[in-house]
């Protein structure tokens, strides 16, 4: 059981999680119907459930056509999407649902939007996190709805899960993210190694949480090398994690590789 990456639109990723014995699959996000339906057909899979990491149009624009093709498929997401998608089953923060061979846990990470959920899928031997636009390789989502405090809380939740968890994120932003990370932490050899590795591959998903804790500046705010860099930019010593998060997000928003 390994997720199938489905590139969509310009740089989005959706994911199918297939169950070979039953010829069924879960879908995480529905950016575009055609590539998803094609992948299901190619693998002879019936869609069982759809999980929405949030409600932005580039993550749900294919949902109507996909539901038409698979009308029995359940749809799971944040309660703030209930009025937008008829029949959606809302998952509360920390809720675990046993579905066939796996358990799916909802981790609310509202900040990028008002409906962010990361879905932690646990099987006997593996663990996957579908992080949408909350966490990327080398970066995190913009704060369109929430605050720096909200993102700190969201990333703290993710940091506490098992370190060997595979993370499947929502966009291919990795090289740009790492160029920024390198500007913040220029002596970090792990960032350089990852940038070298990316030169020979097209899609950087998935990543590992253990790797992100070494290369992602948004997960490393308590590291001295990061805090010194942020303090230098801000002109003062910032003691609060949320203040560092605010400054580093502002720096990333204006960063030009």
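Side notes on the structure shown:
- Of the residues 163, 122, the single one that is free of Cβ contacts under 8 Å to residues at least 40 places away in the same chain and either touching a helix residue (DSSP H, G or I) at 6+ places or on another chain (Cβ under 9 Å) or within 15 Å of residue 28 (Cβ to Cβ) (or both) is 122.
- Given (1) in contact (Cβ under 8 Å) with a residue 12 or more places away in the chain; (2) more than 25 Å from residue 160 (Cα to Cα), number of the condition residue 68 does not satisfy: (1)
- Check on residue 124, surrounded by fewer than 23 Cβ atoms within 10 Å (Cβ to Cβ) and in a strand (DSSP E or B): no
- Only residues that are outside any helix (DSSP H, G or I) and either closer than 14 Å to residue 166 by Cβ or in contact with a helix residue (DSSP H, G or I) (Cβ under 9 Å, 6 or more places away or on another chain) (or both) were counted in the range 200-214, giving 6.
- Strands (runs of 3 or more DSSP E) completely within the range 1-99 that count 3 or more residues being modelled with pLDDT of 95 or more and buried (at least 16 other Cβ atoms within 10 Å of the Cβ): 4-8, 12-19, 24-28, 46-51, 74-77
- Selection status of residue 162, surrounded by fewer than 22 Cβ atoms within 10 Å (Cβ to Cβ) and in a helix (DSSP H, G or I): no
The values are calculated or read from the model by the stated rules, or taken from the named source; none is laboratory data. Source: prediction; values computed, not measured. Here the Cβ is made from the backbone with ideal geometry for all residues, glycine too, and neighbour counts use every protein chain on show.
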